[in-house]
Number of protein chains: 2
Amino acid sequence: MTAQKSVTRTDVARYAGVSSAVVSYVLNDGPKRVAPATRQRVLDAVALLGYRPNATARALSRGKVDMIGMIVPDIRNPYFSELVYAVDLAAHARGRSLLVINSDVRRSAAPNHLKGLVSQQFDGLVLADTLSPAETALIVRLNIPIVLINQFRGAEEFMSIGVDYFDGAREATEHLINRGHKKIAFIGGTNPALDPREHGWMEALTEAGLPLGRRYRAEFSSAGGYEAAMELAREPDRPTAVFIASDQLAIAASAAFHAAGLRIPEDIAVVSFDGTTESKYNWPPLTTMVQPVQAMADEAINRLIAGTPEPTFVEYPMKIVLRASSGD
Amino acid sequence: MTAQKSVTRTDVARYAGVSSAVVSYVLNDGPKRVAPATRQRVLDAVALLGYRPNATARALSRGKVDMIGMIVPDIRNPYFSELVYAVDLAAHARGRSLLVINSDVRRSAAPNHLKGLVSQQFDGLVLADTLSPAETALIVRLNIPIVLINQFRGAEEFMSIGVDYFDGAREATEHLINRGHKKIAFIGGTNPALDPREHGWMEALTEAGLPLGRRYRAEFSSAGGYEAAMELAREPDRPTAVFIASDQLAIAASAAFHAAGLRIPEDIAVVSFDGTTESKYNWPPLTTMVQPVQAMADEAINRLIAGTPEPTFVEYPMKIVLRASSGD
């Protein structure tokens, strides 16, 4: 591929016996028309010489490319694939293109990866992940407009968007309390210090004067959710309800409960978190706290387009959707 | 953002009272060290002037950027999100970055979108979609290395990768026949002419001397699968088994069967297609034809890296994984 890049438009023009402008007309479908035979001669020359239009040079001469980059930690998580889809819709509606980067396979190489991205002349970045200090410093240095999304809290340097995780988790747990449950467990991520969902669950139980149920800390993956639920199912003094910190975990947990012979919600009631499409097609359908994904996506793109966003934190309230997994 | 781009490194250097080289050292973290006070002066100037390193110019001077672009029709489909993940792993293992484009929100604008992509100086494209004649002509004209993946058949112009959809569908249906089913329906996409999965299902039934069951043509989405399965569940002369053309459809169909009071597999046995992680966490877990996603992803990236790939068709055989949805 390196060889191709050394072939210039002038080479193609010379080979085809036309002017450099004619090559450009053929490759860009205009603005002037080119006779079919000449056009074919140019295309043959392009193919033969392995010419590839120098895109970088074209981008330079054209100026703005209106590309927005988005970084997500794991595209296989249905919450992130829906978030990507929503940001894509928002970008498209405003005439922008979105290029998505899955970051978890290269977590350790992230700063370099970010540098590479910026060199792609993005007009802005949407980052659905946490930033290390090194990454933060890099973005400040490169001075590229950025909005953080899927955030637990605000950042000093950047505009951030998130839901009220704490309140959402509290409402989810309160719903289980209101349905009469007294032993309510929690399945969530491995880093409780960072996760307000665990705190919201604690707060609801404490306020209701109930003891804290067991906490199962899982890897954020289907396998993680399945294992945690299996552990819960085997408890001698089993909880009757569980609040689970994501739909991905809750879908896998449902399969584990079924496999362990537990009925949902009769033996174990479930309230989940995220509100993805997949929560609706789970069996039984999941009661879940809904993130207003499209509203957050629109906000992120609007802020990027308006210019370098101020370091504020926009926090969205959540809504519960009631379905069969909690007996609703 | 347009204003930012007119600020040059020379402007920053002048404002900070340093040489242009010093600005470069600060922004690139080297190669030479810069005294903390000077460094801060440069960063202040960068922030104040809204300077953004001219990435396009940097890319030009650096040459190769080792970026691969990937276009998928709908990232929300778990098959595509797993395919993206696999291609990302393959690219990363070979030191390349992958940028992903979700195409369905801009289907009508695809040729322009492709042009924009190529202007991002990609070293190659992986396209998990079908190409219109206009798109094909454009890619030929732009002369960018491309591999098509998720393909039913070969293309005249490009290297293509796919599974043996016909044989996979036949094996899936044969499995249901071998388990004693005689009324076997099919749920698939809306365009049967293009889909060898429907033909494979027909072939298996015909070979076994069984009548063709009903065909339900659904939109490729969770909602589509749910509706088709509901229609099936309401038939007076209901089939006892169904082959479903994707895991996404089959997961939603399972929810519909449960909601309609049908037991899987006792009332309706299900064999699916794709072999995504989510098929394993469905209830009941899905018997499904597995696409060797990582092998196909590795092949695609290897071909791109080796240079402009020849227009061949690499077709992978499928493997059945037996789970509870078919009574295994």
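Counts of other chain beta carbons within 10 angstrom of each beta carbon in peptide B:87-95 average 3. Taking label positions 7 Å along the Cα-Cβ direction at both A:Ala223 and B:Ala93, the computed distance is 1.6 nm, reported to one decimal. Put simply, the C-alpha atoms of chain B give a gyration tensor, and the ellipsoid matching it has half-axes of 51, 21, 17 Å, longest first. Sequence-distant or interchain residues sharing an amide H contact under 5 Å with B:Trp283, placed H: which? Amide H to amide H, under 5 Å and 5 or more residues apart or across chains, B:Trp283 pairs with A:Trp283.
Among DSSP bridges having both ends in chain A, what percentage is antiparallel? Round to the nearest 5.
On the way: 3 of 36 bridges.
For chain A, the DSSP antiparallel bridge percentage is about 10.
Just counting partner chain Cβ atoms within 10 Å, what average do the residues of peptide B:282-292 show around their Cβ?
Working: counts 8, 11, 4, 3, 0, 0, 0, 0, 0, 0, 0.
So the per-residue partner count for this stretch is 2.
FRET efficiency for A:Arg33 and B:Val321, Cβ-Cβ distance as r, R0 = 60 Å, nearest 0.05? It would help to have the intermediate numbers written out before the result.
On the way: r = 56 Å, r/R0 = 0.93.
Taking R0 as 60 Å, the efficiency between A:Arg33 and B:Val321 is 0.60.
Only lysine pairs 8 or more places apart, or on different chains, with alpha-carbon atoms under 27 angstrom apart are counted in chain B, and they number 10. Considering only alpha-carbon pairs that sit under 8 angstrom and 6 or more positions apart, the relative contact order computed for chain A is 16 percent.
Considering chain A as a Gaussian network with a 10 Å cut-off on Cα pairs, which listed residue, A:Val18, A:Val242, A:Val140, attains the greatest mean-square fluctuation? Among A:Val18, A:Val242, A:Val140, the largest mean-square fluctuation in the Gaussian network model of chain A belongs to A:Val18. The other copies place their A:Glu157 label points at 4.4 nm from this one, listed shortest first, where each point is 7 Å from Cα along Cα→Cβ. Shape verdict for the range A:185-328, please, from the Cα gyration tensor: rounded (a/c under 1.5), prolate (a/b greater than b/c) or oblate. Prolate.
The string of couplings for the range B:178-185 from the Karplus curve (6.51, -1.76, 1.60, θ = phi - 60°) is 5, 8, x, 6, 10, 10, 10, 8 Hz, one whole number per residue in order, with x for Gly and Pro. The alpha carbon centroids of the range B:166-205 and the range B:291-328 are separated by 20 Å. Near the amide H of B:Arg323, within less than 5 Å, lie the amide hydrogens of B:Thr287, B:Thr288, B:Asp328, all on another chain or at least 5 residues away, with H placed in the peptide plane.
By the scheme Lys and Arg +1, Asp and Glu -1, what is the net charge of all other residues having a beta-carbon under 10 Å from that of A:Pro78?
Values: positive: A:Arg76, B:Arg76; negative: A:Glu82, A:Asp247, A:Asp274, A:Glu278, B:Glu278.
Local charge sum for A:Pro78: -3.
DSSP assigns beta bridges within the protein assembly as shown; of those with both partners inside it, close to 10 percent run antiparallel.
Can you show me the helix-derived [θ] at 222 nm for chain B, built from DSSP H runs with n ≥ 4 at -39,500 (n - 2.57) apiece and divided by the number of residues, rounded to the nearest 500.
Working: 14 runs with 147 residues, N = 328.
That calculation yields -13500 deg cm²/dmol at 222 nm.
Using θ = phi - 60° in the Karplus curve 6.51 cos²θ - 1.76 cosθ + 1.60, the 3J(HN,Hα) couplings for the range A:30-36 round to x, x, 8, 6, 10, 4, x Hz; x is entered for Gly and Pro. Shown here are the Rg and Dmax of the Cα trace of the range B:233-303, at 14.7, 52 Å.
With charges only on Cβ, +1 for K and R and -1 for D and E, what is the dipole size of chain B about its Cα centre, in debye, rounded to 20?
Details: 34 positive and 36 negative charges, 368 e Å.
Around 1760 debye, computed over chain B.
GNM on chain A, C-alpha springs below 10 Å: top fluctuator among A:Leu262, A:Leu98, A:Leu27? It is A:Leu27. For chain A, a Gaussian network of Cα nodes joined below 10 Å ranks A:Pro36, A:Pro317, A:Pro236 by mean-square fluctuation, and the top entry is A:Pro36.
Summing charges over all other residues whose Cβ lies under 13 Å from the Cβ of A:Thr190, with Lys and Arg as +1 and Asp and Glu as -1, gives -1. Near A:Tyr316, the amide H atoms lying under 5 Å from its own belong to A:Gly162, A:Val163, A:Asp164; only residues 5 or more places off or on other chains count, and H is placed 1.01 Å from N.
Normalising by residue count, the protein assembly as shown has a Cα convex hull of 160 Å³ per residue.
All of the numbers you see were taken from the coordinates with simple rules; none came from a lab. Everything quoted here is computed from the prediction, not taken from an experiment. Cβ sites come from the backbone with ideal geometry, for glycine too, and all protein chains shown count toward neighbours.
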